[in-house]
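Below is one structure, written out as structure tokens; the observations come after it.
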Amino acid sequence: MSRQRVLWIIISLAIFLVFSLVGLAVSQQEGSSDLATAVSLEMPVKNVAKTLGVTPDYLASEMGVSGGIDKEKKVSAYNVTQEKFDEAVKHILSHKPAVFKQFIMLGLCVFGAFFLLIWGRSEDGKTLHYNRLPYYVVLVLTIIASFWLGKSPSPMEGIVKLFKAYAGLYPDLLEKTVAPTLMIVLFVILVNKLICGWACPFGALQELANSIPWIGGSKKIKIPFWISNIVRGILFVVFILVLFGVVGDLKGVTIFHYINPFNMFDLNFAAIGVVICVLVSLIGGIFIYRPFCHFVCPMGFVSWIFEQVSIFKVRINKDVCIKCGKCAAACPSDACQAIIDEKAIKPDCYSCARCLSKCPVDAIKYGLKYKNK
């Protein structure tokens, strides 16, 4: 291993460490307070909502109060039990921004970008490209960080909270919703779905599950992308229609809340839908690549749209490619084949680097577009 390669590895690790330390410093400066003890049933609705950083309508929705709410009245006036109130407060606070975790996720993404763009490829072009170990280490770190720091924030939460804010459920639209979502979108445009592929904890669990070989072979099931994307798109549209009250008398209801697998990182399995979603995604993920990401995740759907214009991503040099199909065979989805076929709209690519390690003629890379003859 050359000095230059070692230097880039050290730089990548150093940047991750800097992001983590900055995030830790910022989170400590912000301080922490037990907001759960700062609110009570005998407080006016507007005061409880303000303390928790949500709108009165959102608070009412979480407490199961329907038919409108007078923000000047006490919460107890709506016959909300202490148990239901505590449950609502706990759920609202579980979504509060976690600056430390945000910086860790960004640091892991930057580490992944350096790996894919610079030091993951072998120097002599003959030995193994993109060794899987660094990728698996990052996935494990992502999972550990989430069990340590909780489910929030998560890529899925970003897009869900954005639409909840526009539905009038959050008072601070810019700081709590638009800014985090915009950051994710910009990252997708710059370096593809690195956040989903490297720094999403539930995506990481599915990735590791899919790395377990089948008994009797290592082949997996590839569901045609058009099928999974239609299902994911329909769920996304239903989510918006229900949230904004277009369908039924359910304004403010978030359908993804009932199947949110990220609850597992808070060890919260109170909703049976969450348990089913986690089990189906992880068991099914052994045979189907990232089923939750492809069939359900709203951020997966939105990031797929912006992924089409990513600057740095998997590229094929058509002048060198011998069409052996090894990269497409290694790809766990339809993404690589679509890249080879130069399709205008391509499936999700999670930057897993499987395809990048297989080309026998170095006709594939992660980077800017080739200037083919």
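The values are calculated or read from the model by the stated rules, or taken from the named source; none is laboratory data. On a predicted model such as this, the values are computed, not experimentally measured, just so you know. Ideal geometry is used to build each Cβ from the backbone, glycine not excepted, and the neighbour counts take in all protein chains shown. Protein only, heavy atoms only, side chains kept; ligands, DNA and RNA dropped before computing areas. Shrake-Rupley method; radii C 1.70, N 1.55, O 1.52, S 1.80 Å.
Need one word for the range 309-373: rounded, prolate or oblate. Basis is the Cα gyration tensor (sqrt eigenvalues a ≥ b ≥ c); a/c below 1.5 gives rounded, then a/b vs b/c decides.
Values: a/c = 1.38, a/b = 1.05, b/c = 1.31.
Verdict is rounded for the range 309-373.
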Spread of Cα-to-Cα distances over 20 Å intervals beginning at zero, given as percent, for the chain: 27, 54, 18, 2
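Sort the following peptides by mean Cβ neighbour count (other Cβ atoms within 10 Å, averaged over residues), highest first: 348-361, 74-87. List each step's numbers first, then the result.
Details: 348-361: 21.3, 74-87: 14.9.
So the order, starting with the most tightly packed, is 348-361, 74-87.
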Sorted by packing (mean other beta-carbon atoms within 10 Å per residue), highest first, where do 17-26, 40-49 land? 40-49, 17-26
With a ≥ b ≥ c the root eigenvalues of the C-alpha gyration tensor of the range 133-202, is it rounded (a/c under 1.5), prolate (a/b larger than b/c) or oblate? oblate
Quick calc, Ile305 & Gln82: beta-carbon distance into FRET formula, R0 56 Å, rounding 0.05, result 0.80
Just to confirm the number: angle between the C-alpha axis of helix 298-307 and the first principal axis of the chain, 0 to 90 degrees, nearest 10? 40 degrees
What is the P(r) of the range 269-356, as percent of Cα-Cα pairs per 10 Å bin from 0? 15, 42, 28, 12, 3, 0
Please report, to two decimal places, log10 I(q)/I(0) for the range 97-165 at q = 0.15, 0.21 Å⁻¹ as given by the Debye formula with identical point scatterers on the Cα atoms and no solvent. -0.61, -0.91
Would you mind computing, in nm to one decimal, how far apart the modelled labels at Met43 and Arg3 are, each placed 7 Å from Cα along Cα→Cβ? 6.1 nm
If you count only protein heavy atoms and use a 1.4 Å probe, how large is the accessible surface of His294, to the nearest 10 Å²? 20 Å²
Surrounding charge for Phe114, neighbours by C-beta under 14 angstrom, Lys/Arg +1, Asp/Glu -1, total +2
Computed from every Cα-Cα pair in the range 220-311, P(r) in 5 Å bins starting at 0 and rounded to whole percents is 3, 13, 19, 21, 21, 14, 7, 2, 0
